[in-house]
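Report on the structure given below.
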Amino acid sequence: MSMIALAMALSLVGASIVISAHQGLGLEKDILVGTVRAFIQLMAIGYVLKFIFDLRQWPFVLLMLAVMITVAGRNAAKRGKEIPHVFWLVTGAISLGAAATLGVLAGLRIIKFEPWFVIPIGGMIIGNAMVASGLVLNRIQSEIAARKQEIRAALALGATARQAVDPALKAAIKAGMIPTIDSMKVVGLVQLPGMMTGQIIAGASPLQAVRYQIMVAYMLAAATAVTCATLGLIVYRGFFTMHHQLKS
Amino acid sequence: MGKKFELLGVSKWKDGPKRAELLRDINFTVDEGLISTIMGPSGAGKSTLLTLLNRLEEPSAGQILLDGAPITQLEVVNLRRRVGMVFQTPALFPMTVEQNICYGPNLRQRREYPGLAARYLEMVGLDPELAGRDAGNLSVGQQQRVSIARTLANEPEVLLLDEPTSALDPTATSQIEELIRALNQKIGLTIVWVTHDMQQAARVGDRTMLLASGEKVEEGETKAIFASPQNEVTRLFIAGRLNGNGSKLNGDKGRSDGAGSESTGPEEEHK
């Protein structure tokens with residue numbers, strides 16, 4: 001696509017501004033800010049990716065993945081501000097989920113171990129793991145609060161913190177995994193995912209494009225499972241003291 | 001008769017922007033084989049005191065001995081098996097009655113316990129047929145008996161009761177009182193019973209301590225305390241004219257006791 005073609009696409013922004021102004025929605029400024037930000041952010045990332053792909057140096061690829069994981073960790077950590085060391089726990093869990101999944105993909109030679117595979121696919125994995133982590137954090141807090149009496153009863157019967165928190169932990173891990181599993185069930189029927197759409201537009205055969213999309217569905221299921229289970233198992237400790245006491 | 005628990009200068013406070021004092025310098029002895037009641041108005045710190053005995057909470061200062069040894073030297077999980085606790089609400093797990101009763105034994109060893117549920121259901125005066133029922137389907141009175149059975153299945157030496165009848169009607173209340181007295185007499189179980197209800201303390205207690213605003217007011221044989229209270233605060237409490245801020249401590253009225261299990265319902269009547 002030429003820059004001229006892209007400039008033509010601005011007319012679409014014009015349309016939304018006209019609608020906002022005409023209907024008195026007051027969104028004109030937001031639309032403008034969004035338009036400019038989308039342009040700058042994506043152009044910048046385009047140049048960064050081009051730079052990294054041209055270099056083909058693994059340290060830069062890993063750095064890029066590390067930046068993505070850190071941003072994802074910071075974002076997900078907002079869902080559990082009360083939990084001690086939440087940023088490190090989330091970032092660790094996402095790293096493990098991403099490393100395990102990318103490791104299998106590359107190790108079994110399912111994808112080529114090239115920057116232009118690893119970064120976009122890593123991005124999908126990290127983004128998905130981020131959303132799932134946020135759900136786990138949200139849920140574990142509400143479950144522990146709701147089951148406080150049950151947990152104290154279990155502790156009083158001689159359960160360890162891990163045993164007492166088990167039902168809450170299971171619910172939280174499930175809450176993180178379910179959206180990915182659900183979207184795997186309806187993929188292709190409800191929406192055509194971005195990766196597949198992109199490949200088709202780029203001229204790939206739909207039959208080739210769907211193979212990648214199927215792989216993406218499977219890998220996201222694995223990544224969220226590893227991330228959610230890891231996160232659940234490390235984060236519950238923050239709710240208890242070392243003497244198996246529920247912190248109030 | 002030995003001392004089961006000894007509390008030596010036990011205090012509990014909550015740190016924070018406003019340090020809240022929950023218990024101040026409590027010295028107290030629980031005699032083996034007796035029913036000791038801890039009575040006092042809402043917010044007195046009774047429940048907090050109880051949760052210190054099985055280390056659901058940690059004292060901020062002072063020491064607690066079980067059979068002469070500091071409880072901090074015991075593995076906390078073992079301490080809690082030896083010192084069982086029944087809460088104000090039954091807090092049963094969403095499973096069958098049998099699974100609830102076998103929960104404690106299963107923590108030690110995961111296996112089938114044939115006949116165990118039936119035995120403990122009978123011990124608390126319930127039909128053994130209830131074993132297969134969902135715990136949530138029972139009446140509150142039945143649930144509280146199941147929760148006692150669940151605690152007894154761990155074969156504790158001491159039973160801590162945190163207002164176990166405050167959610168029950170008078171009939172269920174007197175049944176539970178009878179049950180606990182029978183357990184105390186038949187198997188020599190040491191009982192520590194927290195209640196806001198002085199009449200209940202008078203009915204069930206061998207020894208009684210009055211707690212008000214985190215301080216011990218008076219302690220002694222239950223009969224003696226009710227017959228001739230030595231302290232003005234005790235006299236007020238027995239007359240039903242003591243509320244949560246009726247003590248010499250300053251600025252601590254209406255605070256919660258941290259354990260979160262103090263009744264707010266029935267106790268309002270005393271105010």
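No value in this document is a laboratory result; all are computed from the given coordinates. Predicted, not measured: the structure shown is a model, and the values here were computed from it. So basically every Cβ, Gly included, is an ideal-geometry build from the backbone, and we count neighbours across all protein chains shown.
Structure data summary
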quantity: Charge dipole (debye, nearest 20) of chain A; +1 at Cβ of Lys and Arg, -1 at Cβ of Asp and Glu; calculated: 560
quantity: Order of B:Ile101, B:Ile176 - criterion: other Cβ atoms within 10 Å of each residue's Cβ, fewest first; calculated: B:Ile176, B:Ile101
quantity: Inter-chain Cβ neighbour average for residues A:158-169, partner chain, 10 Å; calculated: 3
quantity: Virtual spin-label span in nm between A:Asp166 and B:Glu129, 7 Å along Cα→Cβ; calculated: 3.1
quantity: Average Cα contact separation per residue, chain B, under 8 Å, 6 or more apart, as relative contact order %; calculated: 27
quantity: Equivalent ellipsoid dimensions for the range A:1-55 as semi-axes, Å, which come from the Cα gyration tensor, largest first; calculated: 30, 13, 5
quantity: Sequence ranges A:237-245, B:31-39, ranked by mean other-Cβ count within 10 angstrom, highest first; calculated: B:31-39, A:237-245
quantity: Order of B:Arg181, A:Arg79, B:Arg108 under a 10 Å beta carbon neighbour criterion, fewest first; calculated: B:Arg108, B:Arg181, A:Arg79
quantity: Full-stretch length increase - A:Ala145, A:Ala15 - with 0.36 nm per residue and alpha-carbon distance subtracted; calculated: 42.0 nm
quantity: Mean Cβ neighbour count within 10 Å, used as a protection proxy, ranking A:221-233, B:55-67, A:34-46 highest first; calculated: A:221-233, B:55-67, A:34-46
quantity: Relative compactness, chain B, computed as alpha-carbon Rg over 2.2 N^0.38 Å; calculated: 0.99
quantity: Loop GluC sites (Glu not before Pro), the range B:83-125, which have at most 13 other Cβ atoms in a 10 Å radius of their Cβ (DSSP); calculated: B:Glu112
quantity: Size descriptor, Kirkwood hydrodynamic radius, that averages inverse alpha-carbon separations across the range A:57-239, Å; calculated: 17.4
quantity: Net charge, A:Ser16 excluded, C-beta distance under 14 Å - Lys, Arg +1, Asp, Glu -1; calculated: -1
quantity: For chain B, calculated [θ]222 nm from helices alone, where every DSSP H run of n ≥ 4 adds -39500 (n - 2.57); calculated: -8500 deg cm²/dmol
quantity: FRET efficiency for A:Phe53 and B:Lys14, using Cβ-Cβ distance with R0 set to 41 Å, rounded to 0.05; calculated: 0.15
quantity: Order of B:Trp13, B:Trp193, A:Trp116 under a 10 Å beta carbon neighbour criterion, fewest first; calculated: A:Trp116, B:Trp13, B:Trp193
quantity: Under the span-like rule (Cα at least 27 Å along the axis, Kyte-Doolittle mean at least -0.5), DSSP H helices of chain A; calculated: A:3-23, A:28-55, A:58-77, A:86-107, A:115-146, A:161-186, A:206-235
quantity: Debye log10 I(q)/I(0) for the protein assembly as shown, one point scatterer per Cα, at q = 0.08, 0.09, 0.12 Å⁻¹; calculated: -0.67, -0.77, -1.05
quantity: Choice from B:Arg203, B:Arg24, B:Arg110 showing the highest fluctuation, given a GNM over chain B with Cα pairs closer than 10 Å; calculated: B:Arg110
quantity: Charge-dipole axis of the range B:3-270 as Lys and Arg at +1 and Asp and Glu at -1 on Cβ define it, positive-most pick from B:Thr37, B:Leu66, B:Ile238; calculated: B:Leu66
quantity: Pairwise label distance in nanometres, B:Lys223 with A:Met242, each label 7 Å out on the Cα-Cβ vector; calculated: 4.9
quantity: Principal axes of the range A:56-146: Cα extent on each, largest first, Å; calculated: 48, 23, 15
quantity: Lys pairs under 28 Å by Cα in chain A, provided they are eight or more residues apart or on distinct chains; calculated: 18
quantity: Neighbouring partner chain Cβ atoms per residue of B:66-76, average, 10 Å criterion; calculated: 1
